[in-house]
Each structure stands twice: as C-alpha cells, then as structure tokens.
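Here the structure comes first, spelled out in structure tokens, and everything after it is commentary.
The values are calculated or read from the model by the stated rules, or taken from the named source; none is laboratory data. Keep in mind that what you see is a predicted model, and the values were worked out from it rather than measured. For neighbour counting, all protein chains shown are included, and Cβ atoms are generated from backbone atoms with ideal geometry for every residue, glycine included.
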Amino acid sequence: MATFAEPWPLATLASRIGDSVGPSEPVLVSQARIDAFAEATEDRQWIHVDPVRAKDSAFGGTIAHGFLTLSLLSHFMDELVVVSGAEMAVNYGLDRVRFPAPVTAGSSLRATVTIVDVRPEEDRVMMRASMTITADGADRPSCVAESVTLFRPIQGEAR
C-alpha cells in the first residue's frame, strides 16, 4: 500500500471502493500526550498515568487509553484520504471498534485506510472506511474501526 499525492474527486469516490492507502506518517504517543488525554477526559487510571506502578504491570509500562488511539482516526483520515469537490467532511460515526493490542508510551502509530462503501444521498455522500492503526514493530493492530464520513458537495459539483 502507498499513500497518494492527488486528491480523489468526490464525484468519482465510489470508484475507489476496495482501494487501500497508507501507511500514514508515524504519530508518537508520548507519556505527555497520554497524560494530557487523561486530564482532558478525566480518566486518570494508573495504567495510563503512573509509570512507576505500571512498570510492574503485565504491559511493562504505561499504555495509552484506547480512546486516545481511536481519537487519532481523524488525523490519519485527513492525512490519507483527501477528497476534492467537497465543501466539508463530517465525522458521522464509527462501527465495529476493537483494540486488539495495547499502545505503550513511546510508541509510534501508523494507519491504513480501505474504502469499504460510498453512497450518494440527498445532499451528501456517505463513505465507510475500514481503518487499522498499528504501533511500529507490533504484531497486532492497536485499533481496528470502521469510520463513517459524510461529505457535502460544493454547490454545483456533481456527486
């Protein structure tokens, strides 16, 4: 799989069903990022924010919140799937989210995206994409999810 340089026109997005792009550029999940996420969400469980205690855990150190990993989907989608002819893209939701492997502090994550379905609707186009996030060097993905994005065409653009 390889990233692409040219945006995909919204009018021809359906022709990309089955196409995969990626991997993305790496995103470092530092302890500072984990701590900031813990503060923002008020989820300060020790396995995320206490490196001394977490050192003796099954993970050998702190791990990122699953929702922190999940929250990076928007970043990866924006990097890998550029759609021209859309006035805006809106995150409509997620289906089938799983966290098969933990993300230890200090890991770098990369994502791949596969377009699963594209459906024109009244005033928008709905795209489903399978997204996989994996830590560099890991055997299993850290997050697998189906993302649903709504694109609103630029007025006058074909869908």
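Number of residues in the range 50-85 that are within 23 Å of the chain's Cα centre (by Cα) and either surrounded by 15 or more Cβ atoms within 10 Å (Cβ to Cβ) or of a type in the set (S, T, N, Q) (or both): the value is 21. Just one of the listed residues (T149, T104) is more than 28 Å from A32 (Cα to Cα), in contact (Cβ under 8 Å) with a residue 24 or more places away in the chain and either crowded, with 19+ Cβ neighbours inside 10 Å or not charged (D, E, K, R) (or both), and it is T149.
Checking each residue in the range 86-98 for being at negative phi and surrounded by fewer than 19 Cβ atoms within 10 Å (Cβ to Cβ) picks out E87, M88, V90, N91, Y92, L94, D95, V97, R98.
Only a single criterion out of (1) touching a strand residue (DSSP E or B) at 6+ places or on another chain (Cβ under 8 Å); (2) at pLDDT 95 or above is not satisfied by P7, namely (2).
Looking at D117, D139, just one residue is surrounded by fewer than 20 Cβ atoms within 10 Å (Cβ to Cβ), outside any loop (DSSP other than H, G, I, E, B) and either of a type in the set (A, V, I, L, M, F, W, C) or modelled with pLDDT of 95 or more (or both), and that residue is D117. Determine the pairs where a residue that is farther than 14 Å from V148 by Cα, located within the range 62-77, has a partner that is among the small types (G, A, S) and part of a helix (DSSP H, G or I) with Cβ atoms under 9 Å apart, the partner being 6 or more residues away or on another chain. So the pair list comes out as T62/A54; I63/A54; H65/A38; H65/S71; L68/A38.
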